[in-house]
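In what follows, a single structure is set out as structure tokens and then discussed.
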Amino acid sequence: MELKDLFRRQQKLLVQIARQGRFELRPDRETYDKILATRTLWLEDASIDLRFLRQLPQLWQLVLKGGGLTAVPEVVWELSRLRELNCSRHTIEQLDPRLAQLEQLEALYLDHNQLRELPDGVPLPKLEDLRVAHNDLEALPDRLGEWQALEELWVGHNRLTQLPDSLSQLRKLQVLDFRHNKIQLDFDCLQELEALHTIGIQGNPISRRKLLRWLRERGRTEVKII
């Protein structure tokens, strides 16, 4: 059996287990071992009972689609080895501070929800990619700069009027996209972002021409404005 077919079969079995409420996994031993070793799980119907996730200790990537979640499921906060969490396109309004329990998290995708704020002061030492575009955010956490592993920050299509002062602490940041907000940017906040190569400003009261000149004067011609 090809790897992709095995993967599909494994994912299908996991969904069946969840729908039937069978939390004691008892397929044949070989399949059972493969299930326990599952690292990637995509669920097209996030409305099913997800308690079975507790039995997947090796899970690294979890994608929850559909189902109209209003909050990240409680069981997710127990997945201590999780590296990528995708709960995009739901109606989530708040993010539980227990997010801090996901110490291995590298990517968090929550775009197209109804988030009004992000928890401040939550330590996410390995977070590299944060996507919260198309929400109802009016501000970003004051202590955003503590997420110093961050390489990509996507916050477009919100209600932001400014970026936090701590942004300048994100020395590894490569992509900063805040298109379609109401941000008036002080270009000097970009001075310390030495890794930055893409910045999205469209739909804000910011002069593209002035930003381009500011970048050129500082020899930052590699930065792409979108």
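Worth pointing out:
- Scanning the range 49-79 for residues that are at pLDDT 90 or above and over 14 Å from Thr38 (Cα atoms) gives Leu64, Leu69, Thr70, Ala71, Val72, Pro73, Glu74, Val75, Val76, Trp77, Glu78.
- Remark: Arg116 falls outside the filter, which requires a residue to be basic (Lys, Arg), loosely packed, with under 15 Cβ neighbours inside 10 Å and either at pLDDT 95 or above or in the same structural domain as Trp42 (by TED's automatic domain parsing) (or both).
- Qualifying positions in the range 137-160 - within 15 Å of the chain's Cα centre (by Cα) and of a type in the set (A, V, I, L, M, F, W, C): Leu137, Leu140, Leu144, Trp147, Ala149, Leu150, Leu153, Trp154, Val155
- Test result for Leu110, touching a residue at least 12 places away in the same chain (Cβ under 8 Å) and in contact with a helix residue (DSSP H, G or I) (Cβ under 8 Å, 6 or more places away or on another chain): no
- Residue match in the range 181-204 (condition: outside any helix (DSSP H, G or I) and within 27 Å of Ala71 (Cβ to Cβ)): yes
Okay, residues lined up against (1) closer than 24 Å to Asn135 by Cα; (2) surrounded by fewer than 19 Cβ atoms within 10 Å (Cβ to Cβ); (3) polar (S, T, N, Q); (4) free of Cβ contacts under 8 Å to residues at least 60 places away in the same chain:
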site	(1), (2), (3), (4)
Trp154	yes, no, no, yes
His157	yes, no, no, yes
Leu167	yes, no, no, yes
Asp177	yes, no, no, yes
Lys182	yes, yes, no, yes
Asp186	yes, yes, no, yes
Leu193	no, no, no, yes
Thr198	yes, yes, yes, yes
Ile201	yes, no, no, yes
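- All of Glu128, Glu84 fail the test of being under 13 Å from the mean Cα position of the chain (by Cα) and in the same structural domain as Ser168 (by TED's automatic domain parsing), apart from Glu128.
- Annotation for the range 164-173: at least one member residue is assigned by TED's automatic domain parsing to the domain that holds Leu130, in contact with a strand residue (DSSP E or B) (Cβ under 7 Å, 6 or more places away or on another chain), under 18 Å from Leu124 (Cα atoms) and in a loop (DSSP other than H, G, I, E, B).
The values are calculated or read from the model by the stated rules, or taken from the named source; none is laboratory data. Computed from a prediction, not measured in an experiment: that's the story for all the values here. With ideal geometry, Cβ positions are generated from the backbone for all residues, glycine too; neighbour counts draw on all protein chains shown.
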